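Scroll down for the structure; my scribbles are underneath it.
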Amino acid sequence: MKKKILIVLGVILLLFICLIAYYVVVDLNQEKKLKKELDEIYEMTNQENIDVDKIYERLDKIVTKDDYAKVEEAFKQYLKDNFDNSLKIAEILSDERLVTILTANNYLEDGKEFIETKKYIETTRNELENCKQKYNEFFTEEKAMSYIENKNLDSYYVDLYKDEFVGDIESENDDKTVENSINDIIELLDISEEVINLLANNPDSWEINGEYIEFNNNSLSEQYDELINKLS
């Protein structure tokens, strides 16, 4: 009888060990799958010709399960929000209207009060300032970790998110290329605004002749030239 009991206990113990081993293997596979998924997304974002639609399609899809899915969802949302902001910056910086503000054609179309031009300058500058602030915030541990908060996850999964996917994120923002580019455009807008205000405040002192602006006031002409030279 005792022998039978020992055999039964042994079988139960073996089944229990097998069950634990099964869940360990499942967990390891989920973690491996998650890391592979995010590595492939990083590769997509580092390509020379980025396919924006495919990246968003990948970010909107969850490939893992259970708690790993929560980790995946959190980090993909972080990446998506960061990507949204970066695309907004790129859209503003590549706007052709930036280089047409101080052209004879714009002076003719929107002068001499320049209502639309002033509105465009103010809106664009505010958007850039906002995007720059968001861009810098995204490269802080506090911002990145905020996406995993309130997920009711065990510390293991929070640590996985932090150690494997967030890492030393603040050091990744040492490159100031994006911030400097934004600041350059803001400076362009500031100078352009000074020029537009100068023209709007002196509507009777200038006219457009072909592709050029002509002044009947030397002082005003010198002020205009001085401001334009700041852009070179």
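The values are calculated or read from the model by the stated rules, or taken from the named source; none is laboratory data. Quick caveat, the model's predicted, so the values are computed rather than measured. Cβ: placed from backbone, ideal geometry, glycine included. Neighbour counts: every protein chain shown. These area figures cover heavy atoms from the full protein model, side chains too; ligands, DNA and RNA do not enter into them. Shrake-Rupley method; radii C 1.70, N 1.55, O 1.52, S 1.80 Å.
Residues are listed down the side, and each one gets a yes or a no for (1) among the aliphatic types (A, V, I, L, M); (2) modelled with pLDDT of 95 or more; (3) more than 24 Å from Tyr156 (Cβ to Cβ); (4) open to solvent by less than 90 Å² (accessible area, probe 1.4 Å):
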residue: Lys33; (1), (2), (3), (4): no, no, no, no
residue: Asp67; (1), (2), (3), (4): no, no, no, yes
residue: Glu72; (1), (2), (3), (4): no, no, no, yes
residue: Leu93; (1), (2), (3), (4): yes, no, yes, yes
residue: Ile115; (1), (2), (3), (4): yes, yes, yes, no
query = Does Leu102 meet the test of being touching a residue at least 12 places away in the same chain (Cβ under 8 Å) and in a helix (DSSP H, G or I)?
reply = no
In the set Thr64, Thr103, Thr45, the lone residue that is of a type in the set (Ser, Thr, Tyr) and in contact with a Lys or Arg (Cβ under 6 Å, 6 or more places away or on another chain) is Thr64
Among residues of the stretch 95-113 being farther than 16 Å from Asp184 by Cβ and of a type in the set (A, V, I, L, M, F, W, C), the residue least open to solvent (accessible area, probe 1.4 Å) is Ala104
Test result for Ser232, hydroxyl-bearing (Ser, Thr, Tyr), surrounded by fewer than 11 Cβ atoms within 10 Å (Cβ to Cβ) and not in a loop (DSSP other than H, G, I, E, B):
no
Ile89 fails exactly one of (1) surrounded by fewer than 18 Cβ atoms within 10 Å (Cβ to Cβ); (2) among the aliphatic types (A, V, I, L, M); (3) outside any loop (DSSP other than H, G, I, E, B), namely (1)
The number of residues in the stretch 180-202 that are within 18 Å of Leu220 (Cα to Cα) and assigned to a helix (DSSP H, G or I) is 11
If you go through Glu226, Glu214, the only one that is of a type in the set (Asp, Glu), open to solvent by 30 Å² or more (accessible area, probe 1.4 Å) and assigned to a strand (DSSP E or B) is Glu214
Might you let me know whether the stretch 137-158 holds any residue that is within 24 Å of Asp95 (Cβ to Cβ) and of a type outside the set (S, T, N, Q)?
yes
Original post:
Could we say that Asp67 is more than 30 Å from Glu211 (Cα to Cα) and of a type outside the set (S, T, N, Q) here?
Top reply: yes
Subset of the stretch 50-65, residues within 18 Å of Val158 (Cα to Cα) and buried (at least 17 other Cβ atoms within 10 Å of the Cβ), comes to Thr64
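Conditions tested, residue by residue: (1) at pLDDT 95 or above; (2) within 41 Å of the chain's Cα centre (by Cα).
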site	(1), (2)
Ile186	yes, yes
Asp190	yes, yes
Glu193	yes, yes
Asn197	yes, yes
Gly210	no, no
Glu214	yes, no
Gln223	yes, yes
Leu231	no, yes
By residue number, the members of the stretch 119-145 that are among the polar types (S, T, N, Q), outside any loop (DSSP other than H, G, I, E, B) and open to solvent by less than 50 Å² (accessible area, probe 1.4 Å) are Thr124, Asn136
